[in-house]
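Contents: one structure, followed by commentary.
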Amino acid sequence: MNATGLAKHFNEDSDCGDSSHHVVNLIRFFIAVFAGFSFIPDAFSLPEDSIAKVIAFSGYLIFSLAILIASKRHFYYTNSRYVIWADIAWHGALIALTGPLSSILLPLFLFSILVFSMQFGAKEGIQSTAASTILYVTLVMSQDFPDGQEEWAQLVLRTMFLLSLGLMITNWGGSQALLRRRLTLLREVSLVSNPRFGIDHTVASVMEKIRAFFDAEKCILVYRNGDNSTYFMRQTSATAVREAIYARPLSADLALLLLPSNINRRVGLYKSFSLARLSKRPYCCLYDLAIKEWNVCNPENSAHIANILNATSFISAPLQLRKNSGRIYILSNRKSFTTNDAIFLSQITEQAFSVISSVDLVDQLASEAAEQERRRIIGDLHDTTIQSYIGLRLGLEALRTKVEPHNSLAPVIDQLIKMSNDVIDELRSYVSNLKEKEEKAETTFVASIRRQVAKFHEFYGINIDVLCEDEIHINDRLAAEALQIVKEGLSNIRKHTLAQNGTIKVICSENSLSLKIQNEEAERNNADFTPRSISERAQALGGRAWVEQEMGSLTTVVIEIPI
């Protein structure tokens, strides 16, 4: 492969998602090939130690080729840390066989350090640098122990070369890896949720992504409602991700402590100790966003906040969400944050909550449009549908009076009268719910499914079991859409199957709501069935629906909706 072909190969791969990993594996293979040239002169004579060299270099060449082929076929393990640690072990073996004190293969360690720091960050780069340096010194001491000043100088020089250059590569590669992670986070927080679900899920998702990026224990959002000057708090943690969906009222005293008026436009950093300053005293500083300058401040108030929030270190930044102003806190007991972390928190907060403000505006517009549509539907239902059913009921009641009690049509007419009364009551209840200004609580979602299943059994005699969690915490709009999907699923069981038994499973995970509508058929229906209306509703919500056929004449319609 000539230089032009190699460049073309690199450029073609750069369009792929895993192109960088494949290029690394390709470079590893070339390193193994070129490193083999170092023992070619000895390979022809084949002295006793040359056989070990041939075996070692052949093994590394086969290892590199296997990793290259596996990466081309998209095997996930080719990008793992274990492969790079294996590189360091191979490099150590090759250096040991070529005389560690004077080996020309010492720079092989730098390849592993570079890959580690570029792919996984500075922490892993430092670990690989330390491991490579210790391994090299150990190999020299065990084989070519220096017995003269010249040998000691050569060992110190080569060790300092490996250590200093390794740390420089780690610093550069780690900064590149951190930059990629920051760009990825910026892109992710800019992706808004479906506006029909409201902003609660969007805020919770952004908070969790920020918390995970900083590897912190908690992320807390404190804000003041601009309409009535009340205070609220949202919180997410590694063990309670969905907790941030719900805003909890906050006392004024605690809110004023967490939202000090004198630092509205400042970013805060606090840590209980500072290794960089060689001090065990608390350290606190504020960054003025207006003049772009850091100032050390009295840590007393920040220490009090850290004590209340149960953290040894935190960073905070102001935010604005339309009429609401607040502050976000990132808390940790395992690590100390830096000034760069605090500034980036301010930047990511400004980016994310400007998007959330737009989502909130769209949500408000959608709510106003829904309110107008609700009023129109109320009038239409009352003037047309309900009146038509009332007329039908009156006609059935008049017909019933003309039928003798012993007539076989009497029970049928009574059943029709009962069904018409139930439909009228349901429509009136629906109109009454539409007139209510406040939306239903989210906990009624499960109860609504059970009521619908009970009516379905009463009308058609089909037994449906409802399996779900005790509490499904989803937005009311999503609950309404999901309930309509369940109704359509029940209707499909009645119309398209011979089933007398079925199951509805509701699973609400961290990122999605899953509905599984299952039925047991008396006779197997071999024709493929696609629930078109359910699929269209799921797609409108950003999800998908599919049908699973199982042994024993079981058919399951699975609906998955992201939240």
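A few notes on this one:
- Pair list, Cβ < 6 Å and 6+ apart or interchain, from the stretch 259-271 residues that are among the polar types (S, T, N, Q) to residues that are modelled with pLDDT of 85 or more: 264/318
- Residue match in the stretch 21-38 (condition: at pLDDT below 80, open to solvent by 70 Å² or more (accessible area, probe 1.4 Å) and not in a helix (DSSP H, G or I)): no
One line per residue, one yes/no per condition, for (1) under 28 Å from the mean Cα position of the chain (by Cα); (2) closer than 18 Å to residue 260 by Cβ; (3) touching a residue at least 24 places away in the same chain (Cβ under 8 Å):
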residue: 281; (1), (2), (3): no, no, no
residue: 284; (1), (2), (3): no, yes, no
residue: 290; (1), (2), (3): no, yes, yes
residue: 294; (1), (2), (3): no, yes, yes
residue: 299; (1), (2), (3): no, yes, yes
residue: 308; (1), (2), (3): no, yes, yes
residue: 312; (1), (2), (3): yes, no, yes
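- Subset of the stretch 487-499 [part of a loop (DSSP other than H, G, I, E, B) and loosely packed, with under 15 Cβ neighbours inside 10 Å]: 498
- Any hit, the stretch 53-72, residues being surrounded by fewer than 17 Cβ atoms within 10 Å (Cβ to Cβ), at pLDDT below 75 and among the aliphatic types (A, V, I, L, M): no
- Single residue of the stretch 93-117 satisfying the filter (under 39 Å from the mean Cα position of the chain (by Cα), of a type outside the set (Phe, Trp, Tyr) and not in a loop (DSSP other than H, G, I, E, B)) that is surrounded by the fewest Cβ atoms within 10 Å (Cβ to Cβ): 110
- Subset of the stretch 125-161 (residues that are open to solvent by 30 Å² or more (accessible area, probe 1.4 Å), of a type outside the set (Gly, Ala, Ser) and within 37 Å of the chain's Cα centre (by Cα)): 126, 127
- Considering only residues in the stretch 224-239 that are open to solvent by 30 Å² or more (accessible area, probe 1.4 Å) and either under 20 Å from residue 562 (Cβ atoms) or out of contact with any helix residue (DSSP H, G or I) (no Cβ under 8 Å at 6 or more places or on another chain) (or both), the one that is modelled with the highest pLDDT turns out to be 232.
The values are calculated or read from the model by the stated rules, or taken from the named source; none is laboratory data. This structure is a prediction, so every number in the text was calculated from the model and none was measured. Cβ sites come from the backbone with ideal geometry, for glycine too, and all protein chains shown count toward neighbours. Side chains included, ligands, DNA and RNA excluded: accessible areas come from the protein's heavy atoms. Shrake-Rupley method; radii C 1.70, N 1.55, O 1.52, S 1.80 Å.
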